[in-house]
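Participant: Quick one: structure below, then a few questions.
The values are calculated or read from the model by the stated rules, or taken from the named source; none is laboratory data. Every value quoted in this text rests on a predicted model; they were computed, and no experiment measured them. FYI the Cβ positions are ideal-geometry reconstructions off the backbone, even for glycines, and counts take in every protein chain you see. What goes into the accessible areas is simple: the full protein's heavy atoms, side chains included, and nothing from ligands, DNA or RNA. Shrake-Rupley method; radii C 1.70, N 1.55, O 1.52, S 1.80 Å.
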Amino acid sequence: MQPIKTDTLEIAYFEHGSPEGWPVVLNHGFPYDIHAYDEVAPRLADAGARVIVPYLRGFGPTRFLSKSTMRSGQQAALGKDVIDLLDALGIEKAILAGYDWGGLASCVASVLWPDRVAGLVSYAGYDIIDVKRLGHAYQPSLEHAVWYQHLFQQERGRECLSLHRRDLCRMLWRQWSPTWAFNNETFDRTAASFDNPDFVDVVIHSYRFDFGNAAGDPALADLEARLAQKPPITVPAVTIDGTQDPLKPGGTADHAPMFQARHEHRVVDCGHNLPWEAPNDFAGAVVTVHGWAA
């Protein structure tokens, strides 16, 4: 593990492969951490990549540099963190890949800073949050699947996450990946990342901002305004759906018009935690995008 400072964070990350390899950043989601890519990163390193796997803000050893910085979990903050990391590492352009929050961060960076992105692998399609749409109801089955997001809108939800974070996150792993048989050791290794002192604040702010129940960081207002316009993704991209993911019923193949460069959509028989459940498929998508970019 290595730490590196941006203007806002000290980001902890792991690096695999040759420093001279083609760069790719693998971004994890909530409630996961860098171990989601334990089987993906070596495959990409063997394919010639320089693989960067960072802990997101609020996870693991990553820390805010200042006590006064807003503990924002909004999408513009996550996307900007990716670009700030590239700046700190001196990487001009990289492939970005991720799922859940990591897919969101990768998509946001791709639309706001396309000149810095060689290509994209996104689980669940055009994974940029439509905050205005989230002010309205979805089908009851989907509202049921995102019960935790509703819980987090209340202070009772903050207390529940603070006191019972491991039990809550374990429930989400099981619900989102119904056929993935993970063991206690696997979960506990990642759950240590939830002990970050800013974990609760960042997670709660993220979902309250998405629901329109919390203000965003004023410094990111212009970026959020651009995201609200639903800009298309203009870099080469592979998008992936998991057939057993309750958070994306019916998949995201209909997102295709949002991708204006070369694009391929794939479907994998797995749940929400794609890199862990199907590492070959995830790594293969990254290699495909690298081939297009090269």
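Participant: Which one of these is among the basic types (Lys, Arg) and free of Cβ contacts under 8 Å to residues at least 12 places away in the same chain: 67, 5, 80, 93?
Facilitator: 67
Participant: Residue by residue through region 192-241, note down the ones that are touching a helix residue (DSSP H, G or I) at 6+ places or on another chain (Cβ under 6 Å), within 20 Å of residue 7 (Cβ to Cβ) and hydrophobic (A, V, I, L, M, F, W, C).
Facilitator: 220, 223
Participant: Tell me which helices (runs of 4 or more DSSP H) are completely within region 180-294 and hold 1 or more residues being farther than 21 Å from residue 81 by Cβ, of a type outside the set (Ser, Thr, Tyr) and open to solvent by 30 Å² or more (accessible area, probe 1.4 Å), or say none if there are none.
Facilitator: 184-191, 274-277, 279-293
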